[in-house]
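To start, the structure itself, in structure tokens.
The values are calculated or read from the model by the stated rules, or taken from the named source; none is laboratory data. Just so it is clear, the model here is predicted, and its values are computed rather than measured. Cβ coordinates were reconstructed from backbone atoms using ideal geometry, including for glycine residues, and neighbour counts include every protein chain displayed. These area figures cover heavy atoms from the full protein model, side chains too; ligands, DNA and RNA do not enter into them. Shrake-Rupley method; radii C 1.70, N 1.55, O 1.52, S 1.80 Å.
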Amino acid sequence: GSLSVEALRVDGDALDLSGSVNLTGEEIAAAITGQINQAAIADAALNGQAQFDLKASGTTSAPAIDLTASAANLEVVGRQLTDLQARIQGTFAPEAPAGTVAVNGTFDGAPLSLSADLATEGDVRRLRNLLLRQGQNRVEGEVALDGENRATGAIRLAIEDATTLLALAGQDGS
């Protein structure tokens, strides 16, 4: 069977989206754009508006996803996140996910960047080329999970201001 939704439109207080979705047998094709407005949600740790664009194709069991997001000015636990550009690409098969993440912007007045690659080799999932930089803070390394979820690898931390990284994760702390 098949299902097709053209000119999809959702207008809400916190979410607006539009696009199309087509499902034919096990094949999916989707193109959706939208905007998230966190200002419409009371007491949210994240405040502001972000735009996104989602494309999906392939099979429903292993869709290829390309998600981009951007925001000019967000507030995260009282700190400014500006000029945000983010992209997640990959194939999201439950048994063999693979993809990349790239995020850039300015957080709390200092440059922010995050990148990582995810690959699956047999029953081992590997997070490679992990690099998070925010101002003088740096987190980098590689981690692998085997089929029994046992972790191996190394993460190197150089954290001069943990409160900034905690805030980036939506947490207060010192």
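Laid out as a table, the results:
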read-out	value
Label point distance in nm, GLN136-ARG87, each placed 7 Å from Cα along Cα→Cβ	3.2
The chain - percent of accessible surface contributed by carbon and sulfur, probe 1.4 Å	54
Theoretical ellipticity at 222 nm over the chain - DSSP helices of four or more residues, -39500 (n - 2.57) apiece, nearest 500	-1000 deg cm²/dmol
Span per principal axis, largest first, for the Cα atoms of region 79-137 (Å)	42, 19, 14
Three-way shape call for the chain based on the alpha-carbon gyration tensor, with the a/c threshold at 1.5	oblate
Probe 1.4 Å, accessible area per residue of the chain, Å²	59
Where labels lie 7 Å past Cα in the beta-carbon direction, separation of ARG128 and ALA144 in nm	1.1
